[in-house]
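The values are calculated or read from the model by the stated rules, or taken from the named source; none is laboratory data. Source: prediction; values computed, not measured. Here the Cβ is made from the backbone with ideal geometry for all residues, glycine too, and neighbour counts use every protein chain on show. Keep in mind that these areas ignore ligands, DNA and RNA; they rest on the heavy atoms of the full protein, side chains included. Shrake-Rupley method; radii C 1.70, N 1.55, O 1.52, S 1.80 Å.
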Amino acid sequence: MSEAKAKPIGPIPPYFASIDGELAIGGKTASALVAEAGDTPLFVYSTGALEARIGELRAAMPQQLGIHYAMKANPFAPLLGWMSARVDGFDVASGGELKLALDAGVAADKISFAGPGKRDRELEFAIANGVTLNCESEGEAERTFAIGQRLGVAPKIAVRVNPSFDLKGSGMKMGGGAKPFGVDAERVPALVQRIIAAGADWRGFHIYAGSQALDAEAIIAMQAQTLALAAELAQAVGVAPPKVNLGGGFGIPYFPGDAAFDLNTVGGALGQALSALPDILKKTHFCIELGRYLVGEAGVYLCRVVDRKVSHGEVFLVTDGGLHHQLAASGNFGTVIRRNYPVAIATRIDASADEVQSVVGCLCTPLDRLSDSALLPRAEVGDLVAIFCAGAYGASASPANFLGQGAALEMLV
Ligand SMILES: *Cc1c(COP(=O)(O)O)cnc(C)c1O
């Protein structure tokens, strides 16, 4: 088999080892983890990797900066419980996520709830529990006041701002121009005045400009613009905001050629910016909200080779996994050009890569390709395949019921 047509794969995250020739996660081999879980496909989330990542973040970021977990990246209950003791806040985006966070033991006063289209019963659930609502519109604010009045509670409300800038190089733009998210910056001061006049507890601003940027300079520029906007809005309101959520957007390397995000450069610049704030923001508490950066690289998806086929000279490893658990790795979740995530044969982790093979799933659709023409150790039926960077937007953001397949197993080790 020629190596010439091999397509590159993304970088394997640095948190894993090998034991007895197998990929090891948290000191256990892939085979042992699958035996413990009872079946494949299986998502394994490593607390060692999570711990390392949070440690790197805390070391690089200014000490006073709160680090929040945007739990839509991975709402697995044991992971939420583990995370609750280690981050400063949780950002939820639905009533269902709010319930999961509360059930995992997250304190209500550490939770903020963003997201367009919050229904009255979701607002009521949040208000009754003392959760901060990141308000997405004037209409939502009025519904919030009415529910607060009915419950006899002053709702906690921060205003989500739709900034006029976006995060350059962002995988998913969520600010700049017409958006369903947040309130256009020029209308924010009037809304804050209205919140204060209505007797609600105004908590500050939430300004989120995008996701999955690997360029430190783009993040630094976005944070500088965010701080300037927060200052401008606070001046216009004439009241200091208790809190400002600066958004997130820190990316992880998924694809060939992607370089890890330069955390120290960003942390240094943010530290400088926070030490030179205008008076109106001097007492404000700042936080960032991260999803994939916290959990993405800590997760590995393990699936088993059930067939090995050759078609027109191309070798297919047909697995029991697929896009129903790994929509993003298959290239069908917001990507323009399909590229390979990091992949390995978990049961032959130290073997030399000697054959070009494509890893496909078990779904009857040509979309179901987990890696395309990667040079890997020759695998046989029964081997385990590992797809890395599976800790965020995997299990929860893939169509598990497609073709009647059902959910994967998940475990935290
Ligand atoms: C999705 C989302 C996040 C998390 O994005 P990541 O790319 O996973 O870090 C944070 N904040 C808001 C408002 C979001 O919608």
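Numbers for the structure displayed
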item: Odd one out for Gln225, checked against (1) touching a Phe, Trp or Tyr at 6+ places or on another chain (Cβ under 7 Å); (2) surrounded by fewer than 20 Cβ atoms within 10 Å (Cβ to Cβ); (3) within 25 Å of Arg143 (Cβ to Cβ); result: (3)
item: Helices (runs of 4 or more DSSP H) fully within the stretch 1-87 counting 3 or more residues that are away from the ligand (no atom under 16 Å from the Cβ) and closer than 16 Å to Ile345 by Cα; result: 30-37
item: Candidate set: the stretch 259-288, residues that are modelled with pLDDT under 95 and within 16 Å of the ligand (Cβ to nearest atom); chosen: the one nearest to Arg339 (Cα to Cα); result: Ala260
item: Residue that is touching a Gly at 6+ places or on another chain (Cβ under 7 Å) and either closer than 30 Å to Cys389 by Cβ or open to solvent by 20 Å² or more (accessible area, probe 1.4 Å) (or both), where the choices are Asn129, Asn134, Asn162; result: Asn162
item: Residue within the stretch 191-205 that is open to solvent by less than 50 Å² (accessible area, probe 1.4 Å), within 16 Å of the ligand (Cβ to nearest atom) and either in the same structural domain as Thr265 (by TED's automatic domain parsing) or touching a helix residue (DSSP H, G or I) at 6+ places or on another chain (Cβ under 7 Å) (or both) present; result: yes
item: Selection from the stretch 365-413 of residues that are touching a helix residue (DSSP H, G or I) at 6+ places or on another chain (Cβ under 7 Å), under 12 Å from Thr319 (Cα atoms) and open to solvent by 10 Å² or more (accessible area, probe 1.4 Å); result: Asp383
item: Selection count, the stretch 289-337, where residues are in a helix (DSSP H, G or I) and either open to solvent by 30 Å² or more (accessible area, probe 1.4 Å) or more than 16 Å from the ligand (Cβ to nearest atom) (or both); result: 1
item: Failed item, numbered, when Arg203 is tested on (1) under 14 Å from Ile157 (Cα atoms); (2) in a loop (DSSP other than H, G, I, E, B); result: (2)
item: Within the stretch 45-73, tally of residues that are of a type in the set (Phe, Trp, Tyr) and under 15 Å from Ile288 (Cβ atoms); result: 1
item: Evaluation of Thr335 against (1) hydroxyl-bearing (Ser, Thr, Tyr); (2) assigned by TED's automatic domain parsing to the domain that holds Thr40; (3) at pLDDT 95 or above (one fails), failing number; result: (3)
item: Members of the stretch 223-253 that are within 13 Å of the ligand (Cβ to nearest atom) and aliphatic (A, V, I, L, M); result: Leu246, Ile252
item: Out of Thr319, Thr365, sole residue that is hydroxyl-bearing (Ser, Thr, Tyr) and farther than 18 Å from Val300 by Cβ; result: Thr365
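Matching residues to (1) part of a helix (DSSP H, G or I); (2) closer than 14 Å to Val192 by Cβ; (3) within 16 Å of the ligand (Cβ to nearest atom):
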| position | (1), (2), (3) |
| --- | --- |
| Gly117 | no, no, yes |
| Ala128 | yes, no, no |
| Leu133 | no, yes, yes |
| Ala141 | yes, yes, no |
| Ala146 | yes, no, no |
| Gln149 | yes, no, no |
| Val153 | no, no, no |
| Val159 | no, yes, yes |
| Phe165 | no, no, yes |
